[in-house]
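These notes are about the structure you will find just below.
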Amino acid sequence: VSAFEIEFNDVIAYDSEIHTVPRPIYISNWAKHQIANTYVALKSGRVVGYGVLRPSDVGYKMQPLYADDPKIAKALFCTLASHIPAGQVVNFTHPVGNEQANAFVVGNKLTSLLSMTRVYTKWNIPVDIKRVYSLSTTEYGII
């Protein structure tokens with residue numbers, strides 16, 4: 001469903017659960033912007049995934065794309081991709097540690113421009129990387 005049809009606080013709670021750092025202002029401004037296409041997957045009324053597509057300087061950004069399993073991620077990916085005009089590129093910032101996200105890149109013939117690996121110096125912040133298909137952050141060091 002469109003994010004504009006549900007209680008957005010549920011999306012913020014889901015984002016915080018995966019991202020581990022609450023960021024309600026950032027994600028609200030990013031996902032609810034008038035140029036954003038934001039979709040949410042629900043199961044029994046509970047958020048089980050969401051994704052945002054926005055135009056960028058070159059093509060479109062599909063960031064974030066979080067989902068509880070690959071089928072949900074694929075459904076969100078396809079719904080978001082349907083809003084990309086023919087011939088446009090998509091920026092899909094996926095973590096290399098998620099094999100299903102890597103399969104999305106290969107299966108959709110996306111070109112890899114940047115490879116990202118989690119790096120930390122003090123302690124590991126546990127993140128369920130299998131639920132992160134594409135990330136959106138102002139600081140790539142957060143996740």
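If you count the DSSP beta bridges with both ends in region 29-124, what percent of them are antiparallel, to the nearest 5?
Here the antiparallel bridges make up roughly 85 percent for region 29-124.
Provide, for q = 0.12, 0.21, 0.26 Å⁻¹, the log10 of I(q)/I(0) from a solvent-free Debye sum over equal Cα point scatterers in region 47-118.
-0.29, -0.94, -1.42
Counting only protein heavy atoms and using a 1.4 Å probe, what share of the accessible area of the chain belongs to carbon plus sulfur, as a whole percent?
55 percent
Take the alpha carbon gyration tensor of region 1-49, find the square roots of its eigenvalues, order them as a ≥ b ≥ c, and report rounded if a/c is under 1.5; if not, report prolate when a/b exceeds b/c, else oblate.
Here region 1-49 falls in the oblate category.
Over the C-alpha atoms of the chain, what are the Rg and the largest Cα-to-Cα span, Dmax, in Å?
Rg and Dmax of the chain, Cα atoms, are 14.2, 45 Å.
Kirkwood Rh over Cα pairs of region 6-84 into Stokes-Einstein at 4 °C, 1.567 mPa s: D in µm²/s?
Here the translational diffusion coefficient equals 102 µm²/s.
Sort 78-89, 52-63 by the packing proxy (mean of other Cβ within 10 Å over each peptide's residues), most packed first.
Packing order, densest peptide first, comes out as 52-63, 78-89.
Suppose all protein chains stay in the model; what accessible area per residue would a 1.4 Å probe give for region 21-83, in Å²?
Normalised by residue count, the accessible surface of region 21-83 is 49 Å².
The values are calculated or read from the model by the stated rules, or taken from the named source; none is laboratory data. These figures come from a predicted structure and were not determined experimentally. Here the Cβ is made from the backbone with ideal geometry for all residues, glycine too, and neighbour counts use every protein chain on show. All accessible areas refer to the heavy atoms of the entire protein, side chains included, with ligands and DNA or RNA removed. Shrake-Rupley method; radii C 1.70, N 1.55, O 1.52, S 1.80 Å.
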